[in-house]
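Enquirer: This structure is in structure tokens; I'll ask about it shortly.
The values are calculated or read from the model by the stated rules, or taken from the named source; none is laboratory data. The model shown is predicted, which means the values in this text are computed figures rather than measured ones. As a convention, Cβ positions derive from the backbone with ideal geometry for all residues, glycine included, and neighbour counts pool all protein chains shown. Heads up: the accessible areas ignore ligands, DNA and RNA and are worked out on the full protein's heavy atoms, side chains in. Shrake-Rupley method; radii C 1.70, N 1.55, O 1.52, S 1.80 Å.
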Amino acid sequence: TSCSSITDLIGGDKSADEVEEVMTTYMENIVAGKYDKAAKHVVDGESLIASAELDDDHEAILEALTSSTEFEISDVSAEKEKSGKCTLTLTVIDIEAALEDVDATDADAVVAAIEDCDDTTEEEFTVKFTYDDEWLIKDSSSIENLFIDAASDVEISALTEDGAVEYLSAILDAACGGDVESAFNLTRNDESTYTDYDEYLAQAEDSGVELV
């Protein structure tokens with residue numbers, strides 16, 4: 001019995017080292033922006049961050065957040081080839097502080113602000129593991145949602161203030177110069193009532209509106 005206990009203890013210590021190694025590798029891949037590789041350390045490869053549907057601007061913000069993150073692993077324990085757990089402490093950029101004096105409509109400015117920010121917050125997670133021929137993280141969603149939600153919540157506008165002024169000026173210049181078709185095309189979008197200038201012109205004529 002005593003020999004069995006010693007063996008279990010040694011095995012447990014080895015398993016704890018293996019769990020810590022998996023946690024470390026997972027986080028190193030997250031920080032490096034290698035989300036697909038991180039997903040390989042999660043049960044069934046289920047990783048929200050690897051499958052997140054973000055546009056290019058928010059993807060850049062996500063990568064800025066993950067690459068600026070530091071992590072610490074503690075309180076690692078494991079039962080040989082069964083289950084394990086650890087405490088993961090993340091030091092992440094305080095995005096509200098980072099964007100306090102930044103034009104959040106400009107994705108490049110947001111990314112630069114995150115990279116230059118020294119204000120951070122700490123988030124702590126209890127991460128559980130299961131053994132299936134190898135140690136795997138049971139559920140990484142709480143960790144990954146921290147980054148996804150922070151990136152998604154940044155509202156990026158298609159137009160900066162200067163861009164909006166330039167856009168409006170172009171419409172007014174075209175309209176005042178009698179180039180109604182150009183003015184129409186500048187204002188048309190996916191939600192426009194009319195998708196074609198000739199259709200718009202015909203409807204205007206039917207309504208008795210004279211276009212100069």
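Enquirer: Could you tell me the extents of the range 10-115's C-alpha atoms along the three principal axes, largest first, rounded to whole Å?
Expert: Cα extents, longest axis first: 55, 25, 15 Å.
Enquirer: For a protection proxy built on the mean count of beta-carbon atoms within 10 angstrom, sort 82-88, 98-104 highest first, please.
Expert: Put in order of decreasing packing, that is 82-88, 98-104.
Enquirer: Ignoring ligands, DNA and RNA, what percent of the accessible area of the range 31-72 is carbon or sulfur (1.4 Å)?
Expert: Of all accessible area on the range 31-72, carbon and sulfur atoms account for 42 percent.
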